[in-house]
Amino acid sequence: MRARLFLFTTLPAVVLPLTAAAQVNAPDCVDVGREAPYRGYGYTHIVVVQNQCGAAVRCRVATDVDPAWQSVTVAAGETGRVVTRSGSPASAFQPRAECTQQ
């Protein structure tokens, strides 16, 4: 009888930097990025909002894949994440964001 060895691993999140195609209208103290971790059945598209401002920010986020706006409020010094799609066959997407300080 032959023994078979199966290796199961958890893949790390694919963190993608912003490119020139991203559309972000936010104060200088707000960074908008994206993550696309693979979760067994496809990629999850996540828009990441890092608030380094002294006050909370309210953002509307969307992507080129999912154009419907979603809102998120991120406290000062915090990071917020918004899932825009689960189970995508592709990891590539461009975030859009409009943020204002509260």
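Between beta-carbons, use under 15 Å as the cut-off and find the net charge around Ala76, counting Lys and Arg +1, Asp and Glu -1.
Working: positive: Arg58; negative: Asp28, Asp31, Glu78.
Value of the local net charge: -2.
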Amide H within-cut-off set for Arg85, under 5 Å, with H built and near neighbours excluded = His45
For region 34-41, 3J(HN,Hα) per residue [Karplus equation, 6.51 cos²θ - 1.76 cosθ + 1.60, θ = phi - 60°, Hz, x = Gly/Pro] | 8, 9, 9, x, 8, 10, x, 10
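Over region 38-95, what is the mean sequence separation of C-alpha contacts under 8 Å (at least six apart), divided by residue count, expressed as relative contact order in percent?
Relative contact order here is 47 percent.
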Per residue of region 65-76, in order, report the coupling 6.51 cos²θ - 1.76 cosθ + 1.60 (Karplus, θ = phi - 60°) as ³J(HN,Hα) in whole Hz, putting x for Gly and Pro.
-> 7, 10, x, 6, 6, 10, 9, 8, 10, 10, 5, 4
Computed E for Arg60/Arg39 - FRET, C-beta separation, R0 22 angstrom, nearest 0.05 | 0.30
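No value in this document is a laboratory result; all are computed from the given coordinates. The model shown is predicted, which means the values in this text are computed figures rather than measured ones. Positions of Cβ are backbone-derived with ideal geometry, glycine not excepted, and every protein chain shown enters the neighbour counts.
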